[in-house]
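A short write-up of the structure that comes next.
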Amino acid sequence: MNFSSTRLFEYIPKIIVPALFATLRMLLFSMLISVIFGTIIGIILTVTGSGDLKENKKIYNTVGFFVNTIRAFPVIILIVAITPLTKFIVGTSIGEQAAIVPLSIAATPVIARLIQNSFDEVDRDLIIAAKSFGASTIQIIFKVLFVEALPSIISGLTTTTILFLGSITLAGAVGAGGLGAVALTYGYQRFDDAVMYTIVFILCILVFLIQGTGSLLYKKLK
């Protein structure tokens with residue numbers, strides 16, 4: 001194993017730093033998109049699956065089927081499988097913009113179930129009490145469920161973000177770019193362990209930062 005690299009300090013500003021920002025952009029935009037759509041789907045699952053709100057088993061089973069189907073796909077397979085859709089949406093099937101499409105699709109059902117499970121943990125007596133005071137379904141969702149479930153949602157989003165940071169890194173193997181592509185191309189394929197372990201170190205720092213931020217928010221909201 002070769003832990004020395006004469007080009008490491010040359011790679012850092014020219015290759016590694018741009019790859020780091022590309023990874024952060026992919027993580028930010030894919031999580032933002034998936035949180036928006038995942039929250040909407042999570043609300044639909046909660047409302048249609050709950051006898052306390054607007055139970056509708058047909059909608060619940062249909063949405064649940066699609067959520068479970070997408071969750072069954074490993075991210076790297078999903079990236080390849082929906083290449084035509086990705087190319088249709090962003091005009092290319094490689095690069096960070098192309099990676100955001102499948103990553104968002106992969107993360108959305110995970111977050112939808114996260115939202116649903118967090119809502120299910122809320123004491124049902126609170127919902128019944130809110131309904132007895134004349135609260136509408138929308139009011140119950142945003143003034144009861146979200147308020148009570150927010151710490152659990154933050155905790156789940158922290159774990160999901162870390163999970164999809166790993167998926168983004170893995171996506172570098174199929175043309176997504178970012179730190180994963182640098183580790184593979186400049187580290188593994190060129191037998192340059194200094195580059196590869198520098199990427200690993202950076203990813204570890206990112207994980208610690210994400211987990212620390214999530215834990216801090218959780219404690220403040222708990």
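In the range 74-97, how many are part of a helix (DSSP H, G or I) and not basic (Lys, Arg)? Don't jump to the end; show me each part of the working.
Residues of the range 74-97 part of a helix (DSSP H, G or I): 75-81, 83-90, 96-97.
So of that shortlist, the ones also not basic (Lys, Arg) come out as 75-81, 83-86, 88-90, 96-97.
Number of matching residues: 16.
Residues in the range 158-175 that are in contact with a Gly (Cβ under 7 Å, 6 or more places away or on another chain) and either at pLDDT 90 or above or buried (at least 22 other Cβ atoms within 10 Å of the Cβ) (or both): Thr158, Ile168, Thr169, Ala171, Gly172.
Restricting attention to the range 140-154, the residues that are in contact with a helix residue (DSSP H, G or I) (Cβ under 7 Å, 6 or more places away or on another chain) and either farther than 15 Å from Gln116 by Cα or of a type in the set (A, V, I, L, M) (or both) add up to 8.
Scanning the range 94-134 for residues that are of a type in the set (Gly, Ala, Ser), in contact (Cβ under 8 Å) with a residue 12 or more places away in the chain and surrounded by fewer than 21 Cβ atoms within 10 Å (Cβ to Cβ) turns up Gly95, Ala130.
The set of residues from the range 183-210 being without any contact (Cβ under 8 Å) to a residue 12 or more places away in the chain and either under 19 Å from Ile162 (Cα atoms) or in contact with a Leu (Cβ under 9 Å, 6 or more places away or on another chain) (or both) comprises Phe201, Cys204, Ile205, Phe208, Leu209.
Hey, among the residues in the range 107-125 that are of a type in the set (D, E, K, R) and not in a helix (DSSP H, G or I), which one's nearest to the chain's Cα centre (by Cα)?
Going residue by residue through the range 107-125, those that are of a type in the set (D, E, K, R) are 113, 120-121, 123-125.
Add one more test, that the residue is not in a helix (DSSP H, G or I), and what stays is 121, 123.
On the way: Glu121: 21, Asp123: 27 Å.
Per the criteria, the residue is Glu121.
Please work out which residue is nearest to Phe65 (Cα to Cα), limiting yourself to the range 9-51 and to residues that are buried (at least 16 other Cβ atoms within 10 Å of the Cβ) and at pLDDT below 85. Across the range 9-51, the extreme among qualifying residues is Ser50. Scanning the range 70-90 for residues that are of a type outside the set (Lys, Arg) and under 17 Å from the mean Cα position of the chain (by Cα) yields Ile70, Ala72, Phe73, Pro74, Val75, Ile76, Ile77, Leu78, Ile79.
What residue, of Ala129, Ala194, Ala173, is part of a helix (DSSP H, G or I), under 30 Å from Thr92 (Cα atoms), among the small types (Gly, Ala, Ser) and over 16 Å from the mean Cα position of the chain (by Cα)?
Values: Ala129 fails: under 30 Å from Thr92 (Cα atoms); Ala194 fails: under 30 Å from Thr92 (Cα atoms).
Of Ala129, Ala194, Ala173, the one residue that is part of a helix (DSSP H, G or I), under 30 Å from Thr92 (Cα atoms), among the small types (Gly, Ala, Ser) and over 16 Å from the mean Cα position of the chain (by Cα) is Ala173.
One residue alone among Ser104, Ser93 is of a type in the set (Ser, Thr, Tyr) and under 19 Å from the mean Cα position of the chain (by Cα), and that residue is Ser104. In the range 89-103 there is no residue that is of a type in the set (D, E, K, R) and at pLDDT 85 or above.
The values are calculated or read from the model by the stated rules, or taken from the named source; none is laboratory data. Because the structure is predicted, anything quoted here is derived from the model rather than measured. Glycine gets a Cβ as well: all are built from the backbone with ideal geometry, and neighbour counts include every protein chain shown.
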